[in-house]
Amino acid sequence: MNITPEIESCWTAACEVRQHAYAPYSNYQVGAALITDQSPQIFRGCNVENASYGATICAERNAILSAVAALGTITIRDLVLVTREPASPCGMCLQVLSEFCDSETRIFLASPEKIFHRHALTDFLPIQFSSDKLELPHD
Ligand code: THU
């Protein structure tokens, strides 16, 4: 597995932001950090839970939404997910990831100690629901 300095920086950022996780209900802290094709900037997010559990925002979606808010549409190049033991993104995050990933996107599963695995989105979500299923209006 080739860990570039950019991926290492994402891992550090994901470990840092994980410490801001607001997880009083699950006590399961998650950090995510990503870089895009559009900018060298690293975007990060942690999970933010809510007393109304369904209102919880996952770390990955938090990072993706802040990247889109800053840059507009993005293509994610690398995303590093930090949990206590390596864990897959949840189904809802995979769906949101699928909107902004391509076949080159790398997803790294990590703990605060090390980066474990590198994946493509299709490893987690082999068949995707995407905009080609929608009847979009023509210009
Ligand atoms: N969580 C994430 O942040 N990302 C995932 O992909 C899976 C789950 C969070 C949501 C909740 O705050 C906690 O982990 C336990 O489900």
Exercise. For a footprinting-style exposure proxy, rank Met1, Met92 by other Cβ within 10 Å, fewest first.
Key: Met1, Met92
Exercise. For the range 79-128, state which GluC sites (Glu not before Pro) are in a DSSP loop and have at most 15 other beta carbons lying within 10 Å of their beta carbon.
Key: Glu104, Glu113
Quiz prompt | the chain, relative contact order [Cα under 8 Å, separation at least 6], % | solution = 20 percent
Quiz item: Local charge sum around Leu121 (other residues, Cβ-Cβ under 14 Å, Lys/Arg +1, Asp/Glu -1)?
Solution: -3
Quiz prompt | Cα-projected label distance for Ala87 with Lys133, points at 7 Å along beta-carbon direction, nm | solution = 2.6 nm
Quiz item: Sorted from fewest to most neighbouring beta carbons within 10 Å, what does the list Asp37, Asp78, Asp132, Asp139 look like?
Solution: Asp139, Asp132, Asp37, Asp78
Practice problem: With a cut-off of 14 Å, note down the residues of the range 66-95 whose backbone N falls inside the zone around a label point 7 Å from the Cα of Gln41 toward its beta carbon. | Solution: 66-75
Quiz item: What is the fewest-to-most order of Ser98, Ser26 by other Cβ atoms lying within 10 Å of their Cβ?
Solution: Ser26, Ser98
Exercise. Give me the net charge of Cys46's neighbourhood, meaning all other residues with Cβ under 14 Å from the Cβ of Cys46; Lys, Arg count +1, Asp, Glu -1.
Key: +1
Exercise. Determine the percent antiparallel among the DSSP beta bridges restricted to the range 9-139, to the nearest 5.
Key: 70 percent
Quiz item: In the P(r) worked out for the range 1-120, what percent of Cα pairs fall beyond 16 Å?
Solution: 55 percent
Exercise. Work out the length of the dipole vector of the chain about its Cα centre, built from +1 on the beta-carbon of each Lys and Arg and -1 on the beta-carbon of each Asp and Glu, and round it to the nearest 20 debye.
Key: 400 debye
Practice problem: For the range 100-117, just list the computed ³J(HN,Hα) in residue order, Karplus coefficients 6.51, -1.76 and 1.60, θ = phi - 60°, integers in Hz, with x standing in for Gly and Pro. | Solution: 10, 10, 10, 5, 8, 4, 10, 10, 10, 9, 9, 10, x, 8, 7, 8, 9, 9
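Coordinate-derived values only; no laboratory data. None of the values given here were measured: they were computed from a predicted structure. Ideal geometry is used to build each Cβ from the backbone, glycine not excepted, and the neighbour counts take in all protein chains shown.
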